[in-house]
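As structure tokens, the structure follows; a few thoughts come after it.
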Amino acid sequence: MKFLLGEKINMSQLFDGAGNVVPVTLIRAMPNTVIQVRTKEKDGYGALQVGMGARKPKRIAKPQAGHFKELGSFRHVREVRLREPMVAERGTLFDVSLFSEGDMVRVSGISKSKGFQGVVKRHGFAGAPATHGVKHAHRQPGSIGGGGRAGGRVVKGMRMAGRMGGERISVRNLKIAKVDTENKILAVRGAVPGKRGTLVEIRG
């Protein structure tokens, strides 16, 4: 199993061998440091605790500083469960060379937050007709049930207006289009969750 933390830069495009335009997302993955290795015998499960980036030491809480010790002051820390044993020990470094072109990966991150939205944007409702007597109700949801449905209450899961986005999303079966080891950049074919600067987890 392969795992790497990175930050979404932006979207771009590349040309493949046949001259076709390929949309890609550029992800900058600075070297990841293994902070802790959890084992089934000691902790009850197998996992790797990985850190990336740096922040001012004064902004690190004392418990975290004692945990990091000589490894540094990490901006991002994540723990990944291992389906299979991975040879690693505290202080091991991983970078973009972990992946190669053609690898299929899963990318997870927090999607863009869109605030409070109506049913047309949030759920794709068609809305009411624009004519034939419709007034001021073009984007309204319509009936949400009454006495004849569910005993006069609103059923759980009813699609209504509300806060949209800001959720953890995973996109599977994305292909690594290019690996730039010099600039620590991965070009992943397709779109990944989040805005520019979003922390993403890449699993292979």
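The values are calculated or read from the model by the stated rules, or taken from the named source; none is laboratory data. A quick note: this is a predicted structure, and the numbers were derived from the prediction, not measured. FYI the Cβ positions are ideal-geometry reconstructions off the backbone, even for glycines, and counts take in every protein chain you see. Surface accessibility is based on the protein's heavy atoms, side chains included, excluding ligands, DNA and RNA. Shrake-Rupley method; radii C 1.70, N 1.55, O 1.52, S 1.80 Å.
List the pairs whose first member sits in the range 176-194 and is modelled with pLDDT of 95 or more and of a type in the set (Val, Ile, Thr), whose second member is assigned to a loop (DSSP other than H, G, I, E, B) and open to solvent by less than 30 Å² (accessible area, probe 1.4 Å), and whose Cβ atoms are under 9 Å apart, counting only residues at least 6 apart or on separate chains? Matching pairs, first to second residue: Ile176/Phe99; Val179/Phe99; Ile185/Ala29; Val192/Thr198.
Among the conditions (1) within 30 Å of Lys178 (Cβ to Cβ); (2) touching a Lys or Arg at 6+ places or on another chain (Cβ under 6 Å); (3) among the hydroxyl-bearing types (Ser, Thr, Tyr), the only one that Ser111 does not satisfy is (2).
Restricting the first member to the range 8-24 and to residues that are in contact (Cβ under 8 Å) with a residue 12 or more places away in the chain and at negative phi, and the second to residues that are open to solvent by 90 Å² or more (accessible area, probe 1.4 Å) and among the aliphatic types (A, V, I, L, M), the beta-carbon pairs closer than 8 Å and six or more apart or on different chains are Pro23/Met11; Val24/Met11.
When Gly194 is tested against (1) closer than 21 Å to Val80 by Cα; (2) small (Gly, Ala, Ser); (3) outside any loop (DSSP other than H, G, I, E, B), only condition (3) is not met.
The single condition among (1) among the aliphatic types (A, V, I, L, M); (2) farther than 20 Å from Leu174 by Cβ; (3) open to solvent by less than 40 Å² (accessible area, probe 1.4 Å) that Ala61 does not meet is (3). None of Glu84, Glu7, Glu41 is acidic (Asp, Glu) and part of a strand (DSSP E or B) except Glu7. Which count do you get for residues in the range 65-81 that are in a strand (DSSP E or B) and either touching a helix residue (DSSP H, G or I) at 6+ places or on another chain (Cβ under 8 Å) or open to solvent by less than 60 Å² (accessible area, probe 1.4 Å) (or both)? Result for the range 65-81: 3. Any residue at all in the range 87-97 that's in contact with a helix residue (DSSP H, G or I) (Cβ under 9 Å, 6 or more places away or on another chain) and in contact (Cβ under 8 Å) with a residue 40 or more places away in the chain? Yes; the residues of the range 87-97 include at least one that is in contact with a helix residue (DSSP H, G or I) (Cβ under 9 Å, 6 or more places away or on another chain) and in contact (Cβ under 8 Å) with a residue 40 or more places away in the chain. Do we find that Leu48 is in contact (Cβ under 8 Å) with a residue 24 or more places away in the chain, farther than 17 Å from Glu7 by Cβ, open to solvent by less than 50 Å² (accessible area, probe 1.4 Å) and under 19 Å from the mean Cα position of the chain (by Cα) in this structure? For Leu48, the condition - in contact (Cβ under 8 Å) with a residue 24 or more places away in the chain, farther than 17 Å from Glu7 by Cβ, open to solvent by less than 50 Å² (accessible area, probe 1.4 Å) and under 19 Å from the mean Cα position of the chain (by Cα) - is met.
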